[in-house]
1. Could you list all residues from region 62-80 that are out of contact with any Asp or Glu (no Cβ under 8 Å at 6 or more places or on another chain) and either polar (S, T, N, Q) or under 23 Å from PRO27 (Cα atoms) (or both)?
2. Given the chain, what helices (runs of 4 or more DSSP H) lie entirely inside it while holding 2 or more residues that are modelled with pLDDT under 90 and of a type outside the set (Asp, Glu)?
3. Is there any pair linking a residue in region 53-74 that is within 19 Å of LYS95 (Cα to Cα) to one that is of a type outside the set (Gly, Ala, Ser) and part of a loop (DSSP other than H, G, I, E, B), with Cβ under 8 Å and at least six apart or on different chains, and which?
4. Looking at this structure, is SER71 more than 15 Å from the chain's Cα centre (by Cα) and of a type outside the set (D, E, K, R)?
Amino acid sequence: MALYYSEKKARVAEKNFIKTFRNRGVPEEIKTVHAAAGCALADILVEEKIISSKSDWWRLVEGGGIEINGSVVKDARVVVSGEQLVRIGKKRFVKIISN
C-alpha cells in the first residue's frame, strides 16, 4: 500500500484492517443514519442504498449476515429503537440513531 499512499496512511489502513477483519472490531469511520423509532430496519437500509433490495435483505438475514450490536438477526421484521450498530456481511457497518 505504501506504493500508492504515504507510509503513515498505509500504517493507519493496515491497523484499521486488522481491527475490523482479524479482530472483528468496528472501523473508525462508519456511516450514521437517523431514522424514526419503530421503522423497519430493512426499509431504512434500502432507502439509504446500503443494501440493494428487500430480497437482498431477506437473503442476508437467512444467511446470518446481519448483526445488531453483535447479535445475529433472526427475524427479518426487526425495527429500530435507540442507537444500534448494524453489521451487514463482513465489510459494511452502519450506525442507526432513532428519534
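The values are calculated or read from the model by the stated rules, or taken from the named source; none is laboratory data. What you see is a predicted model; the values in this text were computed from it and never measured. Reconstructed Cβ throughout: ideal geometry from the backbone, glycine too, with neighbour counts over all protein chains shown.
1. Passing the criteria: GLY63, GLY64, GLY65, ILE66, GLU67, ILE68, ASN69, GLY70, SER71, VAL72, VAL80.
2. Working: elements: 7-17, 41-47, 54-62.
Passing ranges, in order: 7-17.
3. Every condition considered, the pairs that remain are TRP57/ILE51; LEU60/ILE51; VAL61/VAL73; VAL61/LYS74; VAL61/ASP75; ILE66/VAL73; GLU67/VAL73; ILE68/VAL78.
4. Details: more than 15 Å from the chain's Cα centre (by Cα): no; of a type outside the set (D, E, K, R): yes.
Considered against the rule, which asks whether it is more than 15 Å from the chain's Cα centre (by Cα) and of a type outside the set (D, E, K, R), SER71 comes out as no.
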